[in-house]
Amino acid sequence: MNELVTSFFWWLKLSFLGIVFFPLTKLFFLDFFDFGFPFSKVLALVFLSYSIYVLGTLKILSFSRLNLFFLLFIFLFFNLFLLFNKKTKNKKKRKKPWSFFLVFLEEFLFFLAFFFWVFIRSQEPSIRSLEKFMDFGFINSILRAKYFPPLDMWYSADNVNSLGYPINYYYFGHLTGAVLIKLFNVKPAIGYNLILATIFALGITLIFSFVFNLIFFSNEILKKNIKEGIGFGKIFFISLLGALITNLGGNLHTVYLFTKGYPNENPIPFWKIISWFNPSSYWYPNATRFIPYTIHEFPSYSYVVADLHGHVFDIPFVILTLFILFRFFLVFKNEKDYKKINWWFLLINVLFIGFMIAINYMTNAFDGPIYFLLAVILLFLIFKLKANFFYSLFTVFYSFLFFSLPFSFHFKPFVGGIGVNCAPSFLVNISYIKPFLFEKGNCQNSPFWMLFLLWGFFWISFLIFLFLRDKKDFFEKREKFSSFILDFILVLFSYGTFLVLIPEFFYIKDIYPAHFRANTMFKLGYQAFIMMSIASIFVFYQITYLKNFRWKMFFKIIFTIMLFFVLVYPFFAIPSYYGNLKNKMELDGSLWLNNFYPQDKEIIDYLNKNISGQPVILEAQGDSYTDYERISAFTGLPTVAGWWVHEWLWRGSSDVVGKRIPEIVEIYEGKDLKKTYDLLKKYHVKYVIVSNLERQKYPNLNEEKFSVIGKKIFESSNKLGALYQIK
């Protein structure tokens, strides 16, 4: 019951944020059928988080709940001004009640989607496994920060930098999560899971709104009919289907349900399943690791495994960016006389695009250049090579640089260059032509049949779209589609395919040798999935308006068969991870510690309750993806050295942690008190943890000395965990 109450009030407060920002949203998306209502929550989160981030970086306002309320009050006043201002009121157009009915339905849809994923996460809410420690550690470090940038919880201060090292990762999304946790005053271990449910619900409603408005603007007669409620149910269903494809869909890899198994697994064939719930019948991660040495995830997988990475936080932000680009394309592509364009109006629009690209970059760095290039393509299609193109391009680029400055000023990119896949030998001999790398042995090609299994649904939809695009006689006159909308769909398909194919030729250099193109394929393919999902559902909408019965049935059958394989994915992925969905509801992601490390749970609770600020702690250092660094992750307090491979990636060198590891061993096992004390002072350690993982990692642990150079301030009830404060 407590979980439901907490979740209900979280939804209620989030809805209030959306209502506060609705006047601004409505003003910007005035011509859209639903006024862009679902995007009001995203705008609230973006503007509120960015404001406190900039002011906190400039040391003007600290990151406190009181200051968040202060900023919210300012935004409330601004939106009330927009609501009652005569100029903006005069711009309002009369809308039929169906518009407001759709707004109500969208909020109800958000409510259902939110509580659906709250229930799913409540079946296994643990913040453990994969990279959840990293994401939760970022959030907790931000929550403890007074100003920005926040401290890296896995790389403490030293003699070189006594103030500590900032997080060198794209963490703006984690900051937005921390804003919600602090503003709504929710326990972070519960807030983590509510954030995931929020992102899922936003993903559902934003795509729903996007598809609905895409269809709304596709035909003038249809546009008039929808305003009267004619065909409303059909468009509602198709929009909902688009939301499901984008957020819950998989790919054609589920064809292995009907085979004897995937090559590296031995699942039970589909036809031998006794009950629908049998996770062994299909191993869902294979759909994201199908091509050897690569990653090709999509939102559904991300929601299931529940890592709050940057690409997950950015889902609502990139959909908003796409929606803004769609609006820009719609407004300016329709303008026949470019000389009549109001330059101030154009400036505001391109500034907003630059701002959102900056948000994408700070949330998930790859997404910045992805959406900047998409913006360039759309600007070119609108203005060609006329003055407005260069004016807009210049403004978008420099506004992106300006708005991302608070982040990029402290962020050191860990990209080692652009690698050329399967570079010819004469280039390998050259090795490097800035920024391109030609590395020997780095040659991986994706078999076409594998690419088709992953992207076949979208590519076949693309082919259907190209076939129908010029077949105007296939549709009734009143059902012909706007050329502007068809151009936009063509861009989504083409650009999405382009993103999919890039890793076949180029990759962004990182620290992983065998998986050298994995991150490139992952980040580009993730955005391609979202774009082409939107485009594909529009193709289905086109099919429903074909006047030739045979063509209509032919394409419907093809689309439906593919749709089955795409939408069957969550029916196996969800129970594979969360079981039979009969567990008692629980949202506290820290409770697993009671079963595995009860003494650590008590230490964490003590630190979170009694220790303010971010003093340095020392805990056992361990490898990535393990339970080591659980104290720093669950408190946000920086430890001397955390997950080695992660810090290696973030800092560009294995030495940053590697050189500290022997000194941590010396602190725990050494017998020389002075040397131990000097090392503790070197890393500004205030508290030392001694618990089971420390004893396992350091078999010669010398615990007694910590009572000499410090004092025991806490001991767990089972006597297995202790916390020492250094003098």
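What does the charge dipole of the chain about its Cα centre add up to, to the nearest 20 debye, if the Cβ of each Lys and Arg holds +1 and the Cβ of each Asp and Glu holds -1?
Working: 72 positive and 47 negative charges, 521 e Å.
The dipole of the chain has a size of about 2500 debye.
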Choose one of Leu143, Val186, Leu175: the residue whose Cα lies farthest towards the positive end of the charge dipole of region 131-196 (beta-carbon charges +1 Lys, Arg; -1 Asp, Glu; about the Cα centre).
-> Val186
Among all the aspartates and glutamates, which ones have a C-alpha under 20 Å from Lys609's C-alpha, if same-chain residues fewer than 8 places away are not counted?
-> Asp588, Asp600, Glu619, Glu629, Glu715
Search the structure for amide H atoms under 5 Å from the amide H of Ile508, placed 1.01 Å from N in the peptide plane, and list their residues when 5 or more places away or on another chain.
-> Gly419, Thr520
Which value in nm describes the separation of the simple spin-label points at Asn702 and Val255, placed 7 Å from the Cα toward the beta carbon?
-> 6.4
For Asn364, the net charge from surrounding residues (Cβ-Cβ under 11 Å; K, R +1; D, E -1) works out to -1
Highest to lowest packing among 632-645, 506-519, scored as the average C-beta count within 10 Å | 632-645, 506-519
Sparse-neighbour loop sites [trypsin sites (Lys or Arg not before Pro); region 423-496; at most 14 other C-beta within 10 Å; DSSP] = Lys440, Lys471
Among Asn388, Ile604, Phe290, whose Cα sits farthest toward the positive end of the charge dipole of the chain (+1 at Cβ of Lys/Arg, -1 at Cβ of Asp/Glu, about the Cα centre)?
-> Asn388
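Please find the FRET efficiency linking Phe8 to Lys223, where r is the Cβ-Cβ separation and R0 is fixed at 35 Å, and quote it to the nearest 0.05. Intermediate results must be reported in sequence, preceding the final value.
On the way: r = 37 Å, r/R0 = 1.06.
Once rounded, the FRET efficiency stands at 0.40.
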Going by the alpha-carbon gyration tensor, a ≥ b ≥ c the square roots of its eigenvalues, is region 359-488 rounded (a/c under 1.5) or, if a/c is not under 1.5, prolate (a/b greater than b/c) versus oblate?
-> oblate
Counting only the backbone N, which residues of region 145-178 are under 20 Å from the spot 7 Å out from the Cα of Phe69 toward its beta-carbon?
-> 145-147, 178
Nearest-20 debye value, region 398-555 charge dipole, Cβ charges on Lys, Arg, Asp, Glu = 280
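Can you tell me the order of 384-396, 12-24 when each peptide is scored by its average per-residue count of other Cβ atoms within 10 angstrom, highest first? Please report the intermediate quantities before stating the final value.
Working: 384-396: 15.3, 12-24: 19.1.
By packing density, highest mean first, the sequence is 12-24, 384-396.
What 222 nm value per residue comes from the helices of the chain, counting each DSSP H run with n ≥ 4 as -39,500 (n - 2.57) and dividing by all residues, nearest 500 deg cm²/dmol?
On the way: 32 runs with 434 residues, N = 727.
Result for the chain, helices only: -19000 deg cm²/dmol.
Rounded to the nearest 0.05, what FRET efficiency do Gln725 and Leu112 give with R0 = 51 Å and r taken as the Cβ-Cβ distance? Could you check? Working shown, then result.
Numbers: r = 49 Å, r/R0 = 0.96.
The formula returns an efficiency of 0.55 here.
Cross-link list Lys59/Lys187; Lys41/Lys480; Lys146/Lys682: which exceed 29 angstrom alpha carbon to alpha carbon?
Distance filter (> 29 Å) returns Lys41/Lys480.
Could you tell me the calculated FRET efficiency between Ala514 and Ile377, based on Cβ-Cβ distance and R0 = 22 angstrom, to the nearest 0.05? Please report the intermediate quantities before stating the final value.
Details: r = 34 Å, r/R0 = 1.52.
Calculated value: 0.05.
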Tail weight of P(r) past 13 Å, computed on alpha-carbon pairs of region 159-201, percent | 61
Which of the residue pairs Lys412/Lys674; Lys675/Lys711; Lys412/Lys523 have a Cα-Cα distance greater than 28 Å in the structure shown?
-> Lys412/Lys674
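Looking at region 121-167, which trypsin sites (Lys or Arg not before Pro) are DSSP coil and have at most 15 other C-beta atoms within 10 Å of their C-beta? Can you show the working numbers first?
On the way: sites: Arg121, Arg128, Lys132, Arg144, Lys146; in loops: Arg128, Lys146.
The qualifying sites are Lys146.
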What is the magnitude of the charge dipole of region 656-727 about its Cα centre, with +1 placed on the Cβ of each Lys and Arg, -1 on the Cβ of each Asp and Glu, and no other charges, expressed in debye to the nearest 20?
-> 220
In nm, give the distance between the simple-model label positions of Asn595 and Phe506, each being 7 Å from the Cα along the Cα-to-Cβ direction.
-> 4.7
quick shape note, the chain: Cα extents on principal axes in Å, largest first -> 88, 65, 61
So what's the net charge close to Ser156: Lys and Arg +1, Asp and Glu -1, counting the other residues with Cβ under 15 Å from its Cβ?
-> +1
In degrees, nearest 10, range 0 to 90: what is the angle between the Cα axis of helix 97-122 and the longest Cα principal axis of the chain?
-> 30
Karplus 3J(HN,Hα) series, Hz, for region 562-572 with 6.51 cos²θ - 1.76 cosθ + 1.60 (x for Gly, Pro) | 5, 4, 4, 5, 6, 8, 6, 3, x, 5, 10
Each label sits 7 Å from Cα toward the beta-carbon; between Phe81 and Phe237 the label points are separated, in nm, by 4.7
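Tell me which trypsin sites (Lys or Arg not before Pro) from region 546-610 have a DSSP coil assignment and no more than 10 other beta carbons within 10 Å of their own. Please report the intermediate quantities before stating the final value.
Working: sites: Lys547, Arg550, Lys552, Lys556, Lys582, Lys584, Lys601, Lys609; in loops: Lys547, Lys582, Lys584.
Sparse-neighbourhood loop trypsin sites (Lys or Arg not before Pro): Lys582, Lys584.
Could you work out what % of the accessible surface of the chain is carbon and sulfur, using a 1.4 angstrom probe and leaving DNA, RNA and ligands out of the count? Display every interim value, and only then the final one.
Numbers: 19400 of 29450 Å².
Roughly 66 percent, rounded to a whole number.
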Determine the shape class of region 570-660: with a ≥ b ≥ c the square roots of the Cα gyration tensor eigenvalues, call it rounded for a/c under 1.5, and otherwise prolate if a/b is greater than b/c, oblate otherwise.
-> oblate
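Roughly speaking, what is the stretch gain from Val160 to Tyr432, that is 0.36 nm per residue apart minus the C-alpha to C-alpha distance, in nm to one decimal?
Working: separation 272, 0.36 × 272 = 97.92 nm, distance 3.27 nm.
This chain segment gains 94.6 nm when fully extended.
Could you provide, to the nearest whole Å², the per residue accessible area of the chain with probe 1.4 Å? Don't skip to the answer; put the middle values down first.
Working: 29450 Å² over 727 residues.
Heavy-atom accessible area per residue stands at 41 Å².
Quick one: length gained pulling Ile558 to Ser408 fully straight, 0.36 nm per residue minus the C-alpha distance?
On the way: separation 150, 0.36 × 150 = 54.00 nm, distance 4.67 nm.
49.3 nm is the gain from fully extending Ile558 to Ser408.
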Scalar couplings 3J(HN,Hα) for region 604-612 by Karplus 6.51 cos²θ - 1.76 cosθ + 1.60 (θ = phi - 60°), nearest whole Hz, x for Gly and Pro, are 4, 4, 5, 5, 5, 8, 10, 10, 9
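The values are calculated or read from the model by the stated rules, or taken from the named source; none is laboratory data. In this text the structure is predicted, and so the values were computed from the model without any measurement. Here the Cβ is made from the backbone with ideal geometry for all residues, glycine too, and neighbour counts use every protein chain on show. The area values use the complete protein model at the heavy-atom level, side chains included, leaving out ligands, DNA and RNA. Shrake-Rupley method; radii C 1.70, N 1.55, O 1.52, S 1.80 Å.
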